[in-house]
Amino acid sequence: MTTVGVIGLGYVGLPLAVAFAEAGCDVIGVDTDSRRVEALQAGESHVEDVPREALRSVSERLHATTRYARLADADAVLICVPTPLSPNREPDLGPLLKAARSLAEVLRADQLVVLESTTYPGTTRERVAPLLAESGLAAGRDFHLAFSPERVDPGRTDFTLRNTPKVIGGLTPACAERAEGLYALVCDELVRVSSPEAAELTKLLENIFRSVNIALVNELAMLTDRMGIDVWEVVDAAATKPYGFMRFEPGPGMGGHCLPVDPFYLTWRAREFDVATEFIELAGKVNQQMPYHCVAKVQRALNAAGLAVKGARVAVLGVSYKPGVSDLRESPALKIIALLRELGAQVSYHDPHVPLLSELALRSMPLDEAVSDSDLVVIVTAHAGVDHERVAKRARLVVDLRGVTRSYADANVVRL
């Protein structure tokens, strides 16, 4: 029986660990958060994509711990730790490098190590391999090393780990073959590329493609706002073309770990090669400006109703970064709330997936109460369980940043 180690039991690592356990592997999950480990040991999942029932069904094969020493028993170790940005929006590899150093202390010959954390091209070869070599073992000779980017879309059920093609780039052909043999246990389709660098850049391209296209339609939304044209009507019409167009929709900005972060990993790396990735950086700037544009829409809507933003009661509907999840990472709603507060608004929120925003000292209000007690409701994240048309009918004023009230025409609704 194959024993698989997973470092980092978050949105990427925990579903991966459960999948290997369901495939019959013995899984050792390592996380530095002792409270998270204790919860997992008790059968409690913090990841919505992993129901409590699924976690408890593999409890005999999935062993959560804070001790890296347990990984000495693994045949393969997958690194799934966060790769965030620093305050200066440069790559912060601190969690990854710490994990690699800790793994080096227990690494043994013939193990497979796979990095899944999103990062810039060259990280696996130039940063991870030398740290693991502190074990006295050489990557590609004494142990196998590969990069295989995660492709997790939280809350999605149509594309899962099983039916989403898995890209694999090994340090050597033998490393790639070993990684393919492992992932074949949980993935139906494997896509081998020539190197870790190609696999690393593949992940960045996927997310930069979305970032650039979202920025394009967001910039168009700002223009149509000035021109008095309905951007949603334009997008709907363009989407009828059966070729040469892919639908992207405007919104209040990008959230999650990937889209607001990953492009900056590549732009930072590109500077080392004297290349200015202006197109990618411009897309990031446009998307970062969207919360400011959305707050300006709220201000204008209040002004048109004879209300000042200072002292206005504003209810935010949806604070997670995408519908159907509780993930707050880089959520534009948090920026919008902060900006409205700076302008003197009294902000409340409703989100069925996020009961508490502790850093903002806010608690989710019941929907009816949030709507009835507010001068303006701003729809930031459109959760499926919320009847937004009913909200539009009951609210004094609505600013819809997601286009979910398009079937409802009334003077009290302002759309992005």
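The values are calculated or read from the model by the stated rules, or taken from the named source; none is laboratory data. It should be emphasised that the depicted structure is a prediction, and the values quoted were computed from it without experimental measurement. Heads up, the Cβs are rebuilt from the backbone with ideal geometry, glycines too, and the neighbour counts pull from every protein chain shown. In case anyone asks, the SASA skips ligands and DNA or RNA and just uses the protein heavy atoms, side chains included. Shrake-Rupley method; radii C 1.70, N 1.55, O 1.52, S 1.80 Å.
Taken residue by residue, region 274-284 has at least one member that is crowded, with 18+ Cβ neighbours inside 10 Å, closer than 24 Å to V380 by Cα and not β-branched (V, I, T).
I want to confirm something. Restricting to region 121-139 and keeping residues that are of a type outside the set (A, V, I, L, M, F, W, C) and open to solvent by 10 Å² or more (accessible area, probe 1.4 Å), which single residue is nearest to L205 (Cα to Cα)? By that ranking, first place goes to P121. Of note, L9 satisfies the criterion of being part of a loop (DSSP other than H, G, I, E, B) and surrounded by 24 or more Cβ atoms within 10 Å (Cβ to Cβ).
One residue stands out in region 226-247 among those that are without any contact (Cβ under 8 Å) to a residue 60 or more places away in the chain and assigned to a helix (DSSP H, G or I): the one that is least open to solvent (accessible area, probe 1.4 Å), namely V235.
Among residues of region 365-394 being touching a residue at least 40 places away in the same chain (Cβ under 8 Å) and small (G, A, S), the one that is nearest to M227 (Cα to Cα) is A382.
With respect to the stated conditions, A146 is small (G, A, S) and assigned to a strand (DSSP E or B). Among the residues that make up region 369-380, is at least one of them closer than 23 Å to A296 by Cα and in contact with a Pro (Cβ under 6 Å, 6 or more places away or on another chain)? For region 369-380, residues closer than 23 Å to A296 by Cα and in contact with a Pro (Cβ under 6 Å, 6 or more places away or on another chain): present. Among the residues that make up region 191-210, is at least one of them open to solvent by less than 50 Å² (accessible area, probe 1.4 Å), among the hydrophobic types (A, V, I, L, M, F, W, C) and more than 30 Å from D142 (Cβ to Cβ)? Yes: region 191-210 contains one or more residues that are open to solvent by less than 50 Å² (accessible area, probe 1.4 Å), among the hydrophobic types (A, V, I, L, M, F, W, C) and more than 30 Å from D142 (Cβ to Cβ).
From the list V314, V261, the one residue that fits, being closer than 25 Å to S374 by Cα and either among the aromatic types (F, W, Y) or surrounded by 15 or more Cβ atoms within 10 Å (Cβ to Cβ) (or both), is V314. L223 - would you say it is open to solvent by 30 Å² or more (accessible area, probe 1.4 Å), in a helix (DSSP H, G or I) and without any contact (Cβ under 8 Å) to a residue 24 or more places away in the chain? Here the answer is yes, as L223 does meet what is asked.
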